[in-house]
Amino acid sequence: MNILPKSQYEQIFYGSQITTQHIKLVLEEAGISSVVRDDGESALRGGYGAAHTGDVKLFVDKKDVLKAKHLVTSTIEKLETQNISDEDLEKLSQQKDPVIPIRKATTQKKETYRRSPFNLFINVGLIILSIWRLSPLLKGETLSTLRIVVSTGILLFCSWAVIQHFTPKKT
């Protein structure tokens, strides 16, 4: 969701607070100004922070996007192969109001949605109802096309939802 639809800034990175601040320092050294947006911190300050991850977004001016993306890519490659230098750690520690990330800095996984037991119960109930509404077809009776289409659609969708609930998630 973009709050400012015609913004002059474009998102080039999202990740942990520490990684984002390190990339921001690299961009500043290259003469590229950037803006950090921490939705989780904003939500915490507004009193809504329970459901937010620790991801922080980094934006740069649209005219600097190509150069910034190149710098981000090379910085991420360096971070994956080396530790952050002592000089950069010192700069990060000097910053005003540092935020400790909620999760590990190296992971970029999003939490997958799992249905609640109540939602699962509703889906199973709708499957049973749809089968019951389609059962006259087995006896040779005729049903309206609308009833067949709607009941079949509900049956398929709820079956898919139940199967997704019990399918193990890939990591």
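The values are calculated or read from the model by the stated rules, or taken from the named source; none is laboratory data. Treat the numbers as computed from the prediction; the structure is a model and nothing was measured. Virtual Cβ from ideal backbone geometry, glycine too; neighbours counted across all protein chains shown.
Is it the case that the range 43-53 has a residue that's more than 30 Å from Ile163 (Cα to Cα), touching a helix residue (DSSP H, G or I) at 6+ places or on another chain (Cβ under 8 Å) and either hydroxyl-bearing (Ser, Thr, Tyr) or modelled with pLDDT of 70 or more (or both)? Yes, that holds for at least one residue.
Taken together, Ser116, Ser144 contain a single residue that is more than 30 Å from Thr19 (Cα to Cα), at pLDDT below 90 and small (Gly, Ala, Ser), which is Ser116. More than 29 Å from the chain's Cα centre (by Cα), basic (Lys, Arg) and surrounded by fewer than 13 Cβ atoms within 10 Å (Cβ to Cβ) - does that describe any residue in the range 140-162? There is no residue in the range 140-162 that is more than 29 Å from the chain's Cα centre (by Cα), basic (Lys, Arg) and surrounded by fewer than 13 Cβ atoms within 10 Å (Cβ to Cβ). Only residues that are farther than 21 Å from Lys169 by Cα and exposed (fewer than 12 other Cβ atoms within 10 Å of the Cβ) were counted in the range 114-127, giving 1.
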